[in-house]
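Everything on this sheet refers to the single structure shown next.
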């Protein structure tokens with residue numbers, strides 16, 4: 001049998017189709033003020049009015065509802081399929097003695113921090129919707145202390161004789177051509193699996209799980225001619241379910257007469273108008289309130305006007321649980337009516353249903369999903385951020401549960417593709433691979449890190465950019481970045497002219513040492529400013545949120561003037577933080593410019609050292625002059641050894657810089673092994689300097705991190 005009959009077309013009165021059943025919008029039960037309601041596809045709502053609600057999965061616009069401690073089956077329009085009859089119901093597929101709470105972890109974005117905190121949702125496992133794609137048309141229910149199975153008419157199919165019963169699921173063991181639908185039942189502490197006729201297929205035993213091999217052996221015991229019998233039974237049950245899930249016309253159950261009685265104002269009360277009271281035939285009130293105007297009766301529906309707003313009375317149940325509207329159109333034969341308020345159109349039903357045609361929950365989720373499908377993660381993240389600010393205004397945390405997977409996917413992808421730190425990490429791995437193949441690998445890595453650091457002014461980006469420039473200068477001192485070759489730095493040209501006349505390498509090294517100290521101070525200040533910038537951005541965001549309108553108005557549609565007014569209020573509230581943010585950005589720019597000049601000077605000084613060292617090695621006068629010096633100064637300068645030692649120290653400096661960044665980052669743990677690594681690197685740097693001095697007679701520039709004591 002083909003199981004496509006279970007992808008149901010069940011709503012004929014309102015917009016619905018089999019394609020809608022496959023929509024990505026979740027189906028879920030939600031609570032409000034200790035009452036439960038039901039949401040289907042993010043647009044069809046049953047207003048919370050039940051003690052409990054259990055949805056039957058994303059492909060079925062049908063749900064269990066509990067009223068006065070009894071359970072019944074309802075359609076998405078809240079009309080009755082099975083009356084409130086049973087003591088308990090179950091949509092779980094297997095026995096679970098301990099039902100853990102649903103814990104939704106916090107969701108974080110790299111540039112905004114935590115946008116949704118961790119929450120815990122408590123609900124019995126038997127009331128969580130099934131994970132199977134299609135619901136079998138036999139329902140496990142409890143009556144008079146025992147469990148059995150009924151069809152969608154409420155007729156008993158498998159007798160009430162079990163201590164526990166669970167939904168039917170399809171087993172793939174045995175002959176796959178047959179309908180191997182089995183359900184677990186429990187009695188006396190033992191488990192068994194039964195088929196749709198109630199016959200035991202896998203016998204009673206203590207074990208609650210079976211291997212596929214054992215299941216296959218049990219299922220093969222069925223006779224070959226059983227297939228036709230099973231398929232015929234399933235067809236009957238499925239057709240019965242399909243026919244009962246289709247929504248028909250609204251049934252007008254109230255047949256009595258009602259009276260509308262005028263209540264005149266008290267004498268002497270000038271300007272007061274008459275009001276009206278609605279009574280049953282025995283003079284008992286339909287509702288306690290008096291109203292301004294009563295429209296013509298429409299079966300069970302009575303539209304009234306009160307305080308210049310329109311509401312609806314169901315003559316069987318009283319006031320419908322909707323807010324007052326500006327206007328409500330007459331009800332159609334399905335018991336549905338369009339309602340309008342503040343240019344917003346809803347569709348309400350006499351059974352207590354609500355179909356907001358532009359519901360913000362669905363609007364946000366549509367924007368998020370559309371952007372995610374196109375791989376536009378920055379746009380998707382923007383909508384997720386907006387949705388996260390609206391989420392607390394919904395009455396129920398089950399909204400969060402329904403869309404958690406979608407939001408988590410967007411946040412994870414946004415962090416992966418847009419976080420400069422992660423980009424640089426991936427780039428570093430690729431660059432290190434290339435570095436093994438080419439001598440210019442470090443230069444490539446420097447380019448990539450510098451590029452990754454240009455994405456924003458965050459502390460991570462600035463550190464990456466500085467690290468990239470440093471790596472590039474170490475890999476090839478002759479190659480200076482485009483920023484460093486800016487010809488506007490006239491002071492640098494003056495210094496170069498002065499440096500040409502210097503013939504002592506130690507003097508040049510002292511200048512480089514001073515530049516390194518300046519660069520370190522600049523980097524420290526950049527880190528501080530980057531942290532301040534994050535706080536300023538958070539203050540901007542918080543100022544906007546605090547000024548936002550709360551409650552149900554947070555999701556309503558505003559007029560153009562209201563939008564402009566709210567935008568101006570937000571701008572005024574955010575102005576101090578925005579000014580602080582602009583000041584920080586200006587300081588960061590100045591520091592970047594200063595760092596560019598210093599890197600240029602450092603590169604040119606390194607070049608002079610190299611030229612001076614080469615001339616001292618190649619000139620005969622240098623050899624004769626050196627013979628008059630002390631024994632320690634008689635050693636010729638070996639440029640290769642000097643540069644190798646310099647590169648070795650630069651490598652140690654990078655490792656120390658990484659450890660220092662980790663030490664300052666509060667989100668990472670600085671372990672004892674990290675501390676030992678620092679000591680080891682410092683000792684190694686000391687030995688490199690000593691060896692260089694002995695072999696070349698020249699000292700290397702110092703690095704303050706070599707004296708750092710974490």
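What to note about this one:
- Residue that is farthest from residue 46 (Cα to Cα), among those in the range 270-319 that are surrounded by fewer than 19 Cβ atoms within 10 Å (Cβ to Cβ) and in contact (Cβ under 8 Å) with a residue 40 or more places away in the chain: 299
- Criterion: surrounded by fewer than 17 Cβ atoms within 10 Å (Cβ to Cβ), closer than 26 Å to residue 97 by Cβ and modelled with pLDDT of 85 or more - qualifying residue of 200, 236: 200
- If you go through the range 511-543 and pick out every residue that is touching a residue at least 24 places away in the same chain (Cβ under 8 Å), out of contact with any helix residue (DSSP H, G or I) (no Cβ under 7 Å at 6 or more places or on another chain) and more than 30 Å from residue 115 (Cα to Cα), you end up with 2.
- For residue 399: the one exception among (1) outside any loop (DSSP other than H, G, I, E, B); (2) modelled with pLDDT of 90 or more: (2)
- Single residue of 356, 420 found to be crowded, with 17+ Cβ neighbours inside 10 Å, over 17 Å from the mean Cα position of the chain (by Cα) and under 30 Å from residue 324 (Cα atoms): 356
Every residue, every condition in (1) at pLDDT below 85; (2) touching a helix residue (DSSP H, G or I) at 6+ places or on another chain (Cβ under 9 Å), yes or no:
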site	(1), (2)
672	yes, no
679	no, no
684	no, yes
687	no, no
696	yes, yes
701	yes, yes
706	yes, yes
709	yes, yes
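- Of the residues making up the range 30-43, just one is modelled with pLDDT under 85 and crowded, with 23+ Cβ neighbours inside 10 Å, namely 42.
- For the range 506-542, the set of residues classified as at pLDDT below 70 and under 30 Å from residue 697 (Cα atoms) consists of 506 only.
- Some residue of the range 623-643 being crowded, with 18+ Cβ neighbours inside 10 Å, at pLDDT 70 or above, under 50 Å from the mean Cα position of the chain (by Cα) and outside the structural domain of residue 512 (by TED's automatic domain parsing): no
- For the residues 370, 326, the requirement of being farther than 27 Å from residue 63 by Cα, surrounded by fewer than 17 Cβ atoms within 10 Å (Cβ to Cβ) and in the same structural domain as residue 293 (by TED's automatic domain parsing) singles out 326.
- Taken over the range 60-86, residues that are touching a residue at least 60 places away in the same chain (Cβ under 8 Å), surrounded by fewer than 20 Cβ atoms within 10 Å (Cβ to Cβ) and part of a loop (DSSP other than H, G, I, E, B) amount to 1.
For every residue, the table says whether it meets (1) closer than 15 Å to residue 44 by Cβ; (2) without any contact (Cβ under 8 Å) to a residue 12 or more places away in the chain; (3) out of contact with any strand residue (DSSP E or B) (no Cβ under 7 Å at 6 or more places or on another chain); (4) part of a loop (DSSP other than H, G, I, E, B).
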residue: 348; (1), (2), (3), (4): yes, no, no, no
residue: 351; (1), (2), (3), (4): yes, no, yes, yes
residue: 354; (1), (2), (3), (4): yes, no, no, no
residue: 361; (1), (2), (3), (4): yes, no, yes, no
residue: 364; (1), (2), (3), (4): no, no, yes, no
residue: 371; (1), (2), (3), (4): no, no, yes, no
residue: 385; (1), (2), (3), (4): no, no, no, no
residue: 389; (1), (2), (3), (4): no, no, yes, no
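- Hey, residue 57 under 24 Å from residue 149 (Cα atoms), touching a residue at least 60 places away in the same chain (Cβ under 8 Å) and surrounded by fewer than 21 Cβ atoms within 10 Å (Cβ to Cβ) or not: yes
- Failed item, numbered, when residue 126 is tested on (1) part of a loop (DSSP other than H, G, I, E, B); (2) modelled with pLDDT under 85: (1)
The values are calculated or read from the model by the stated rules, or taken from the named source; none is laboratory data. All values derive from a computational prediction rather than experimental measurement. Here Cβ is always computed from backbone atoms with ideal geometry, including for glycine, and neighbour counts include all displayed protein chains.
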